[in-house]
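Novice: Here you go, one structure.
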Amino acid sequence: MTSTDAPAAIAPAPPVLAEVVRSGFTEGHHRGSLVLLAADGSVERTLGDPDAPVFPRSSNKPMQAAAILRAGLELSGERLALAAASHSGEPFHLELVAKMLAEHGLSAADLQTPPDLPLDPVAAEAYLAAGNVRERITMNCSGKHAAMLAVCVRNGWDTTTYLDPAHPLQLLVGQVVAEAAGEPVAAVGTDGCGAPLMAIGLTGLARAFRSFVLAEPGSAERRVADAMRAHPEYVAGTRRPDTWLMTEVPGTLSKMGAEAVQAVALADGRALAFKIDDGSVRALGPVLARALELLGVDAPVVSRIGRAPLLGGAAEVGEIRAKF
C-alpha cells in the first residue's frame, strides 16, 4: 500500500445476540443478525444486517418440499412433513423414509446423502448399541432426498444426477425459493447433505415462512406448512425445539438450519429469522426464545426452548442467555 492509499474499510462486527455466563463471569459472546416481521409483513425490528445473503441451510426445506409438490409428486401427511425434515433418526423416521423409497421402486442405495448417525444423541446411542453403522438413510436429510428421488421417478428425470444444480428439480427449487423470499437467489452452494443450497437474506427467509402460513389452502406452499404443523415430530423429532414449538403454539411453522439458522412464522403472519455468525447451535434456543417474546408469544414452551444451562461438574453454574 502506498502512502496515498486509503485503508480498507472494516465492516462493523455484528451485534451480540447471546452471551455465555459461567459462575457470574461473562466468558464469551455469540454475534449475528436477526429480523422480526409484524403481522402485516412490515419489518418490526432488525439487528445486524438481515438483508445480507446467507445460506439458510435446512431452513430452506419447506421451499424444497413445495418445489417437489409443484413438480407433480403427490405427498401428504407424515410423508410431506418428512420431505421438509431434518429428522432425528428415530426409528419411526427411518421406517417411513424406507417406505417412501419402496413406494417408488427405490431403495436406500439410491440416496446420495452422506452416511451418518442419527442426529438425536439418544437415538444415536441406541442405534450404535444395536450394532448399526453409519448409513445414508440415517442422515437427517434422507426424507428430503427420498422425496426428491420419488419426483424424479414420477417425471422420468434422471435419478443419478438429482443433486446437480442444473437438474430440472433443482432449477424449480431455485424458482420457488426466489418467489417465496421475494428476492433473487444470491448464490448457489452445496449443503451438508449434498443438495444445492440457495442463498437469500434473513428478511427474505422470514418473508418466505410468512408466505407459507398465509398461502391459499390447497397451494403447494400451504400444503407443506399444514403437513409440517400437523406432524412436527416428523419435521424434527421427539426431543427437538421445532417440534415443541409447532406442537404447543398452534399454527406456528418452525424450521432450524445448520450453522445456527432459524426461521419461524406464526399463524397470523408474524415471522422471524436469524443467524448466529459462528454457527453455534448452543445459542440458538436462547435467541429463539427472546425473539418469540419480542413477537408477543406467551407460552410455557418459550421458556423451555430458551434454557441453555452451563455445567461445572454435575452442577449448573451458568447459562447462555440472549442479550437483546
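Novice: When you scan the stretch 30-43, how many residues do you find that are touching a residue at least 60 places away in the same chain (Cβ under 8 Å) and either surrounded by fewer than 16 Cβ atoms within 10 Å (Cβ to Cβ) or of a type in the set (Gly, Ala, Ser) (or both)? Walk me through how you get there before you give the answer.
Specialist: First pass over the stretch 30-43, keeping only residues touching a residue at least 60 places away in the same chain (Cβ under 8 Å): 30-41, 43.
Within this subset, residues satisfying the condition of being either surrounded by fewer than 16 Cβ atoms within 10 Å (Cβ to Cβ) or of a type in the set (Gly, Ala, Ser) (or both) are 32-33, 38-41, 43.
Adding up the residues that qualify gives 7.
Novice: A further question follows. Is at least one residue of the stretch 314-323 modelled with pLDDT under 95 and not β-branched (Val, Ile, Thr)?
Specialist: Checked the stretch 314-323: at least one residue is modelled with pLDDT under 95 and not β-branched (Val, Ile, Thr).
Novice: Sort through 308, 283 and tell me the only one that's modelled with pLDDT of 95 or more, aliphatic (A, V, I, L, M) and under 18 Å from the mean Cα position of the chain (by Cα).
Specialist: Residue meeting the stated conditions: 283.
Quick grid of which residues meet (1) without any contact (Cβ under 8 Å) to a residue 12 or more places away in the chain; (2) of a type in the set (Gly, Ala, Ser); (3) under 16 Å from residue 58 (Cα atoms):
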{"position": "171", "(1), (2), (3)": "yes, no, no"}
{"position": "184", "(1), (2), (3)": "yes, no, no"}
{"position": "208", "(1), (2), (3)": "no, yes, yes"}
{"position": "214", "(1), (2), (3)": "no, no, no"}
{"position": "228", "(1), (2), (3)": "no, no, yes"}
{"position": "236", "(1), (2), (3)": "no, yes, yes"}
{"position": "245", "(1), (2), (3)": "no, no, no"}
{"position": "260", "(1), (2), (3)": "no, yes, yes"}
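Novice: Select from the stretch 296-317 the residues that are buried (at least 19 other Cβ atoms within 10 Å of the Cβ) and among the small types (Gly, Ala, Ser) and write down the one among them that is nearest to residue 27 (Cα to Cα).
Specialist: 308
Yes/no matrix, rows are residues, columns are (1) within 19 Å of residue 50 (Cβ to Cβ); (2) touching a His at 6+ places or on another chain (Cβ under 7 Å); (3) crowded, with 18+ Cβ neighbours inside 10 Å; (4) not polar (S, T, N, Q):
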position: 212; (1), (2), (3), (4): yes, no, yes, yes
position: 216; (1), (2), (3), (4): no, no, no, yes
position: 221; (1), (2), (3), (4): no, no, yes, yes
position: 249; (1), (2), (3), (4): no, no, yes, yes
position: 266; (1), (2), (3), (4): yes, no, yes, yes
position: 270; (1), (2), (3), (4): yes, no, yes, yes
position: 290; (1), (2), (3), (4): yes, no, yes, yes
position: 294; (1), (2), (3), (4): yes, no, no, yes
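Novice: Within the stretch 246-324, which strands (runs of 3 or more DSSP E) (wholly inside it) include 1 or more residues that are aliphatic (A, V, I, L, M) and within 21 Å of residue 232 (Cα to Cα)?
Specialist: Where strands (runs of 3 or more DSSP E) fall fully within the stretch 246-324 and carry at least 1 residues being aliphatic (A, V, I, L, M) and within 21 Å of residue 232 (Cα to Cα), they are 253-257, 261-265, 271-276.
Novice: Quick one: residue 207 ticks every box in (1) open to solvent by less than 10 Å² (accessible area, probe 1.4 Å); (2) more than 21 Å from residue 151 (Cβ to Cβ) except a single one, so which number is it?
Specialist: Tallying (1) open to solvent by less than 10 Å² (accessible area, probe 1.4 Å); (2) more than 21 Å from residue 151 (Cβ to Cβ), residue 207 fails exactly one: (1).
Novice: Consider the stretch 109-139. How many of its residues are polar (S, T, N, Q) and under 21 Å from residue 188 (Cα atoms)?
Specialist: Result for the stretch 109-139: 2.
The values are calculated or read from the model by the stated rules, or taken from the named source; none is laboratory data. Note that the structure is a prediction, hence the values are computed from the model and not measured. We place every Cβ from the backbone using ideal geometry, glycine too, and count neighbours over all the protein chains shown. The accessibility values were calculated without ligands, DNA or RNA, using every heavy atom of the protein model including side chains. Shrake-Rupley method; radii C 1.70, N 1.55, O 1.52, S 1.80 Å.
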